[in-house]
Structures are given as C-alpha cells and as structure tokens.
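Notes for the one structure printed next.
The values are calculated or read from the model by the stated rules, or taken from the named source; none is laboratory data. Everything numeric in this text was worked out from a predicted model, so none of it was measured. Positions of Cβ are generated from backbone atoms using ideal geometry, with glycine treated the same way; all protein chains shown enter the neighbour counts.
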Amino acid sequence: MTYETKSSKGYDGWQAVSEADIGQTPEGPRILKLRTAKARGGLAASASVCIRKNAAQAGFMCETTEIFGDFYKSGIALTECRRVTEKAVLEVHSRALQDMDSLIEQAKAFYEAKEQQAA
C-alpha cells in the first residue's frame, strides 16, 4: 500500500511523516503516524497512535494520546548520518515505510488485546 509522505523543516531540522487510519473509536478515528527525524547518531523513525478529534465548537481538529497507554515503537530503520538533509530523511523514511503494514497489524493487535483485557 502507498502512503502520502509530508516533509517539513522545523526547529529540530527535517522530518517526514506518513499516516494510516487503523480504526474508529467513539471519539474519532485512530491514526498511526510514522515519523522520521534526527535521532542519536543519525536518523530513525518512530510509530505512534493518536485519536483525531473534531472540536466542533472551537472549529479545529486536535489529536490526543494516552501516555504509556497507546501504541508506540521507536528505532525503526535506524541509520547513521552526518548531516540531516531532506534527502537523507526521505530515504530513511522510505525504508521505514516498508514496515508500515507490519506496524499497522501490530497496532491493531495491541488495541484488540487492550480491549480484551478491559472486558
């Protein structure tokens, strides 16, 4: 499957982000975000899940996450790099995207186990 990748440069340098919708909750859609950015010694990707809510009264979207309660995985496609350029970030991100389908399955299994444990 192909995923849209957005790259941007911020205070910490270049980053690339891709998203996948992994399910629906009563609050809104559950989104898996794959983010590639500077890490210790080079570049690495991390995957995290949030719930995207529509704050209709305020007129904007917000994303919420439960600390230590939502799916998170780091150190994906860890690559040594001297300079963090947009080209380098996009190359590492494309390697990390090869694991995206596996990450989606892991995240879905994480939430299924969490729901079974709550029941």
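Quick notes on this structure:
- Residue that is nearest to Q117 (Cα to Cα) [pool: residues in region 76-87 that are in a loop (DSSP other than H, G, I, E, B) and without any contact (Cβ under 8 Å) to a residue 60 or more places away in the chain]: C81
- Lone unmet requirement of (1) at pLDDT 90 or above; (2) at negative phi; (3) assigned to a strand (DSSP E or B); (4) surrounded by fewer than 16 Cβ atoms within 10 Å (Cβ to Cβ) for A109: (3)
- Across region 95-109, the qualifying residues are those that are without any contact (Cβ under 8 Å) to a residue 40 or more places away in the chain and not charged (D, E, K, R), and the one among them that is farthest from D12 (Cα to Cα) is A109.
- From the list E4, E19, E27, the one residue that fits, being modelled with pLDDT of 95 or more and of a type in the set (D, E), is E19.
- Within the set K33, K38, K73, the sole residue that is modelled with pLDDT under 95 and outside any helix (DSSP H, G or I) turns out to be K38.
- Count of residues meeting criterion [more than 22 Å from S8 (Cβ to Cβ), touching a residue at least 24 places away in the same chain (Cβ under 8 Å), surrounded by 14 or more Cβ atoms within 10 Å (Cβ to Cβ) and not hydrophobic (A, V, I, L, M, F, W, C)] in region 34-72: 1
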